[in-house]
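Notes to accompany the following structure.
The values are calculated or read from the model by the stated rules, or taken from the named source; none is laboratory data. All values derive from a computational prediction rather than experimental measurement. All Cβ positions, even for glycine, are placed from backbone atoms using ideal geometry, and neighbour counts span all protein chains on display.
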Ligand SMILES: [Zn+2]
């Protein structure tokens, strides 16, 4: 009898709990966030005391307090003193490669990818493009997610990317996650094989790892780009050298997935990128990670980093043995010089009006998902961009680079309600994007990383 009563009470409690969970949607299914400073992601000046009306998963209206009607029956949340920005879009990430610090083909599974997408989101990244080391599982995961069955950051993919036999990209876990065409005909065939999967981009690697590996030949990437465009697919290139970047722009590339890191960019590249609307994803956090651990990476002592990393991984990263091993990385000085060149080139290209989209290349070992995107914002500002430019790159410019199907990345009527509520203003200090009060995705609040000691 006692147990039965308990059961009834617990059922009642559950019903009450469910009602209270559902309550944020309000009677009319509408939530109003009022009083926050609102940065809409397009570069417009902030609205100091804003009203943001959300209906379901979409933004209904946005504007200044007093100018926007509050729908009757809506749930109103007071956010005075907070700042709202769109959730971040990472144009260059990877999922399913790493578990802990190890890269292995077996890591490409639903459980691991789900945990990674949830981590991205907890750090404020609402969308991630997995740029080209993906196994075919990615397509069903993307589909399941669109059907509301996979939580976390919204997943886009370049599917299987295009590398070089015996060349770049080196040392990856699974041989089946990329093509390595030997002839233009083979490259065209492989693009035609990829196309029915509807990848969001096609990824190619054009690099030789400081002359150590064979580089993709122009006739191969020319064939890939032409065939991709014939199939209405856009191509993003991993680049390192200025000469390759210029040749790729001439060949019709749609985006550069990294910075030019050997030489200062020149007028020819700038003019070509602007004329063809080629976007740049700088991935400064990636370049910094290649040498920073040898100097005892400053983020190892940062609680915001620690909050998303397993204790055992953290212990390894902080160990003297790891520091010693990192100091043995080949080409350390060249990698640091490449990072400096990337920073300089980002500033030049941004000043010249080239489209900059936020991205990090997070996901491989030592490039931590979620934290990397937050760090990239800071690195972009340290490179000379304004906080507003960095935010725009990671929001509306990212959505624009993704194409017309991206109905997020800006806070405007009709857009999907993906946004971050911050405790402080990132225009005053870009590091305030780390002060996450809440992360909203598809119109619903999710728990940010800072709210829990560890994920
Ligand atoms: Zn990458």
Sort through 84, 77 and tell me the only one that's surrounded by 22 or more Cβ atoms within 10 Å (Cβ to Cβ) and more than 25 Å from residue 255 (Cα to Cα). 84
Could you list, in sequence order, the residues of the stretch 273-291 that are more than 21 Å from residue 375 (Cα to Cα) and either within 16 Å of the ligand (Cβ to nearest atom) or surrounded by fewer than 18 Cβ atoms within 10 Å (Cβ to Cβ) (or both)? 274, 275, 276, 277
Within the stretch 147-155, can one find any residue that is under 18 Å from residue 367 (Cβ atoms) and within 13 Å of the ligand (Cβ to nearest atom)? no
Any idea which of 202, 164, 206 is within 16 Å of the ligand (Cβ to nearest atom), at pLDDT below 95 and touching a strand residue (DSSP E or B) at 6+ places or on another chain (Cβ under 9 Å)? 164
Quick one: in the stretch 350-378, of everything that is buried (at least 24 other Cβ atoms within 10 Å of the Cβ) and assigned to a helix (DSSP H, G or I), which residue is nearest to the chain's Cα centre (by Cα)? 373
Residue under question is residue 259, and the condition is that it be surrounded by 19 or more Cβ atoms within 10 Å (Cβ to Cβ), part of a loop (DSSP other than H, G, I, E, B), outside the structural domain of residue 431 (by TED's automatic domain parsing) and within 16 Å of the ligand (Cβ to nearest atom); does it hold? yes
Just a yes or no: is a residue in the stretch 138-161 assigned by TED's automatic domain parsing to the domain that holds residue 102, touching a strand residue (DSSP E or B) at 6+ places or on another chain (Cβ under 8 Å) and more than 28 Å from residue 119 (Cα to Cα)? no
Has the stretch 111-128 got at least one residue that is away from the ligand (no atom under 16 Å from the Cβ), more than 19 Å from the chain's Cα centre (by Cα), surrounded by fewer than 21 Cβ atoms within 10 Å (Cβ to Cβ) and modelled with pLDDT under 95? no
From 195, 223, 187, residue being under 24 Å from the mean Cα position of the chain (by Cα) and at pLDDT 95 or above: 195
For the stretch 311-328, state whether one or more residues are under 24 Å from residue 364 (Cβ atoms) and buried (at least 22 other Cβ atoms within 10 Å of the Cβ). no
Being buried (at least 20 other Cβ atoms within 10 Å of the Cβ) and at positive phi narrows it down to one of 409, 384, 403, 398, so name that one. 409
Filter the stretch 327-343 down to the residues that are part of a helix (DSSP H, G or I) and either farther than 15 Å from residue 263 by Cα or touching a strand residue (DSSP E or B) at 6+ places or on another chain (Cβ under 9 Å) (or both) and list them by number. 327, 332, 333
Consider residue 182 carefully, then state whether it is assigned by TED's automatic domain parsing to the domain that holds residue 133, farther than 30 Å from residue 405 by Cα and either more than 16 Å from the ligand (Cβ to nearest atom) or in a loop (DSSP other than H, G, I, E, B) (or both). yes
What single numbered condition from (1) in a loop (DSSP other than H, G, I, E, B); (2) surrounded by fewer than 21 Cβ atoms within 10 Å (Cβ to Cβ); (3) assigned by TED's automatic domain parsing to the domain that holds residue 52 fails to hold for residue 426? (2)
Total residues in the stretch 390-419, condition touching a residue at least 12 places away in the same chain (Cβ under 8 Å) and within 16 Å of the chain's Cα centre (by Cα): 20
Could you please find all residues in the stretch 216-232 being over 21 Å from residue 196 (Cα atoms) and either surrounded by 23 or more Cβ atoms within 10 Å (Cβ to Cβ) or in contact with a strand residue (DSSP E or B) (Cβ under 7 Å, 6 or more places away or on another chain) (or both)? 216
Given the conditions (1) within 26 Å of residue 142 (Cβ to Cβ); (2) in contact (Cβ under 8 Å) with a residue 40 or more places away in the chain; (3) in contact with a strand residue (DSSP E or B) (Cβ under 6 Å, 6 or more places away or on another chain), report the number of the one that residue 235 does not fulfil. (2)
Can you pull out the residues in the stretch 72-110 that are assigned to a loop (DSSP other than H, G, I, E, B) and within 16 Å of the ligand (Cβ to nearest atom)? 94, 95, 96, 97, 108
Any chance the stretch 132-139 includes a residue that's within 11 Å of the chain's Cα centre (by Cα) and away from the ligand (no atom under 15 Å from the Cβ)? no
Tell me which residues, restricted to the stretch 43-52, are more than 26 Å from the chain's Cα centre (by Cα) and crowded, with 18+ Cβ neighbours inside 10 Å. 50, 51
